Structures are given as structure tokens and as C-alpha cells.
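Enquirer: Take this structure, written in C-alpha cells, and hold onto it; I'll ask about it next.
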Amino acid sequence: MTDHQAPFDALALRSALGAFVTGVTVITTQDASGKPHGLTANSFNTVSLDPPLILWSQSKKAGSYDTFQQAAEFAISILAEDQIEVSARFASKQPDKFDGVTVERAFCGLPVIAGASAWLYCRTVSRVDGGDHTIYIGEILKIARSGRRPLVFGGGQYLLAQPHHAAMHSATVPTGARQRHAVQLCTPHMQRIAEELDITICAAVWGNAGPTLISWETGPTSVLPSFPLGLVLPVTSSATGKAFAASLPPATTGPFVERELAAALVPQAEAAQQWQATLAQVRASGVALHPPTRFWNDEMLITVACVAVRGSDADAIVAMSAVVDSALPPPVLERACDKLKEAAAKIERLLGFQAELTPAGFLS
Ligand SMILES: Cc1cc2nc3c(=O)[nH]c(=O)nc-3n(C[C@H](O)[C@H](O)[C@H](O)COP(=O)(O)O)c2cc1C
């Protein structure tokens, strides 16, 4: 074999290849003595529908390599999302991987993994040399599907297969699931912004006790003290509360606001006037800000910027907040505001929000 210098190292290669997400299979066969062999493989892919062909590749170093070289047939179990242990077992060098694993033989005579998402029975039609691997092409002779959700693998870790909410038209989302749909649309944006700016982003909904934190996403080093989920925030003195109050009907937020303003140190009329000015500012800028505060367990001084995400009825469904260490330079907060507003606008489009439907009083 020629020795050649690749312009990248093995780690970078693995990392780039890991961006391609796959399912996880266990490929099984048996040797001439009837002993079962199997290994975990994610190199599986479809080749052709007519004739029905698939491929997978096996490392020449695999213990079962000689067996698969000889095998005229093999079976593929496409693992289900709760089969990580099976995947780990068949990726190991354990002498009897089949011990304690429930297999079925009725499907094709070869052992296949019970409880998988789908099964294929194949005849080896070709073995192609592929560097340190051999590529097997198999003709599919028989298929079965369980309907269970498949296990996913990417970036060196196991993942779950979930429908992408951005691909769902909001009109098809049942009314009762709209809030959850909106929250799920926010999640990838929150993850991206948290990673890009290395800050913490949290989401809140308007719960029965007011603005309630429901999720956190953190950047590579932005780990804040463990904020709990379910924390209820004040309306008039938190960025999240202000963002909600600026885009929810006064009938919803009014009782909370009145109670908080009644406890204010300044005269009532002045407090109410200041509050209206705050709401007008939030509506005009699209962002609610809260100045540096010690929060939760007082470990860090944080500045918060919050943007509401409105649905088709123009009411805020979720509020996304950037929680920024106050020691960071101001541009970090500015960029967070821009990114949150940009993300909220995209999500609102998917939720069917139309600015012109916003009640007139809200735009004051
Ligand atoms: C998610 C995952 C995917 C894998 N995909 C492959 C693959 O496509 N081909 C391969 O040869 N090994 C693959 N492996 C590694 C083998 O499963 C592992 O080397 C196993 O020990 C081989 O079994 P054997 O030595 O008994 O043949 C994968 C492992 C994991 C965890």
C-alpha cells in the first residue's frame, strides 16, 4: 500500500465525517459451524432500489472479518432508539456478544436483533476493496419493519430522531400543541446562539404563576451556576417579564403587574408611568433589557436581554433570553440582541405571526 500524507489529521477527518449523521445497524451472519457473528456498523447505506441493493463496509481488522468474507448471506438489524446497549455490545470484542441479547431466527434463519426498527436479509453480491475496509454489496431478499423509531449516530455520539419542527407547517400543528411546537422551534436557535457567542440562552413561557423558565442552552464555556427549571420570574423587574408584558394582553399580565407595582418604593402613579414607558421602549426596540443583577444563587453578575416570540394571534408564546456575564464587553450583549431578534423573526414567520394583526394599543 502506498504511504501518503493526507493534508489533515485523523481526528479532523473523523470530526468532518461525523457531521454526516447515520442510523446504527447490527450486521449478523453465521459461520460454517452455525456459530453466529455480528458487529455494529453505521457504514450501511442504500445503493439501488431496482434491483434492491445496499452496502456496508467492514474494517479488515474486525474479528469477524474472515467470517463475513466467506458469508454468502447476512442480515441487517436497524437498531431502535432504545438499543444503545445492543449497539455497544456488538461494537465490543466480547467473546459471546449474543449472550443475553434477544434474537429472532424466524425472519430469515440468521439471528436478527429483536425489537429493532427494521430488518433486511441480504445475499452478498459483491466484495470491493476499500482501503482499510472491504465494502460489501448485498441484494435485499426480504424486509420487515417494526415502526419503532431508529437510533441515530453522529459526531461520535448517539442521537434521537425527532421531526424537525421548522419543516412542519404551523397550520398542521394541533391547537393544543402550539406552545410546545414554538418551544421546539426555539431550541436549535438557542443552541446555535449559545455556541456562537459562548453565552447562556434560556427560554421561558407564561405559566400560571407568570414568566417561568423552562430550558437552558449553554455555550462551550458559558456554564452558569445551575439555574433550575421552573423558576418563576417577576414581571416588572426581569427582562423576561418585560418581554412578555410587552406582547401579551394586559388582562393576562395586569394582575401580576399591579401586585408588583403596589410593592414599589416610588409613588404608585410614578411607578405606573415608568412601567408604561418601559413597555413602550420594549415594543419599539423589540428587546427587553435588564441591567446587571445578581441572580439565583448570587454567583455571577448577569445582564439579560429578552426577545418575545409571538404566534399567529400576536401573543407572546415563548421568550428567549441571553444571559450574559456582566464582565463581558458590551458588544457581546449587542450581538446577542441582534441574533435573538433575527431568530425570533424566523420562528414567528413559521408560527404564522403577522405584524399587522398586532393590536393597535400594543404598538404605542
Ligand atoms: C456506532 C458504531 C458504528 C460502527 N460502524 C462500523 C462499520 O461500519 N464497520 C466496521 O467495520 N466497524 C464499525 N464499528 C466498529 C465495530 O462495531 C467494532 O470494531 C466491533 O468490535 C467489530 O466486531 P468484531 O471485532 O467482533 O468483528 C462501529 C462501531 C460503532 C459504535
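Enquirer: What is the dipole size for the chain, taken about its Cα centre, with +1 at each Lys and Arg Cβ and -1 at each Asp and Glu Cβ, in debye to the nearest 20? Could the numbers behind the result be given before it?
Expert: Numbers: 27 positive and 32 negative charges, 133 e Å.
Roughly 640 debye for the chain.
Enquirer: Among THR102, HIS181, VAL323, whose Cα sits farthest toward the positive end of the charge dipole of the chain (+1 at Cβ of Lys/Arg, -1 at Cβ of Asp/Glu, about the Cα centre)?
Expert: With unit charges placed on the Cβ atoms, the residue in question is THR102.
Enquirer: Evaluate the charge dipole of the stretch 166-363 about its Cα centre and quote only its size in Debye, nearest 20, assuming +1 on the Cβ of each Lys and Arg and -1 on the Cβ of each Asp and Glu.
Expert: Dipole of the stretch 166-363, to the nearest 20 debye: 380 debye.
Enquirer: For the stretch 27-144, what is one quarter of the convex hull surface built on the Cα atoms, given in nm²?
Expert: Answer in nm², one decimal: 6.9.
Enquirer: Find the accessible area per residue for the stretch 166-363; the probe is 1.4 Å, ligands and nucleic acids are left out, and the unit is Å².
Expert: 49
Enquirer: Just to check I understand the Karplus step: with θ = phi - 60° and J = 6.51 cos²θ - 1.76 cosθ + 1.60, what whole-Hz values come out for the stretch 110-116, glycine and proline as x?
Expert: 7, x, 10, 7, 5, x, 6
Enquirer: Moving to a separate point now. Given Cα pairs under 8 Å that are at least 6 residues apart, what percent is the relative contact order of the stretch 10-160?
Expert: 30
Enquirer: Rounded, prolate or oblate: pick one for the stretch 166-363, where a ≥ b ≥ c are the square roots of the eigenvalues of its C-alpha gyration tensor, a/c under 1.5 means rounded, and failing that, prolate if a/b is larger than b/c, else oblate.
Expert: In terms of gyration-tensor shape, oblate.
Enquirer: Roughly what percent of Cα-Cα pairs across the chain reach past 27 Å?
Expert: Cα-Cα pairs in the chain separated by more than 27 Å: 60 percent.
Enquirer: Which whole-number percent gives the relative contact order of the stretch 166-363, counting Cα pairs below 8 Å spaced six or more residues apart? It would help to have the intermediate numbers written out before the result.
Expert: Details: 339 pairs, mean separation 44.4, N = 198.
It comes to 22 percent, rounded to a whole number.
Enquirer: How much of the accessible area of the chain, probe 1.4 Å, is carbon plus sulfur, in whole percent?
Expert: 57
Enquirer: What number, rounded to the nearest 500 deg cm²/dmol, is the helix-based mean residue ellipticity at 222 nm of the chain, given -39500 (n - 2.57) per DSSP H run of at least four residues and division by all its residues?
Expert: Helix contribution divided over all residues of the chain: -9000 deg cm²/dmol.
Enquirer: Treating only the Cα positions of the stretch 12-53 as identical point scatterers, give the base-10 log of I(q)/I(0) from the Debye formula at each q in 0.18 Å⁻¹.
Expert: Log-scaled intensity ratios, in q order: -0.75.
Enquirer: Can I ask one more? For the chain: lysine pairs with Cα atoms under 25 Å, gap of 8 or more or different chains, count?
Expert: Total qualifying Lys-Lys pairs in the chain comes to 13.
Enquirer: Another question about this same structure. Run the numbers on the chain and let me know its relative contact order in percent, using alpha-carbon pairs under 8 Å that are six or more apart. Write out the running numbers ahead of the final one.
Expert: Details: 664 pairs, mean separation 44.4, N = 364.
About 12 percent, as a whole number.
The values are calculated or read from the model by the stated rules, or taken from the named source; none is laboratory data. What you see is a predicted model, and the numbers here were worked out from it, not measured in a lab. Heads up, the Cβs are rebuilt from the backbone with ideal geometry, glycines too, and the neighbour counts pull from every protein chain shown. Only protein heavy atoms, including side chains, enter the accessible area calculation; ligands, DNA and RNA are left aside. Shrake-Rupley method; radii C 1.70, N 1.55, O 1.52, S 1.80 Å.
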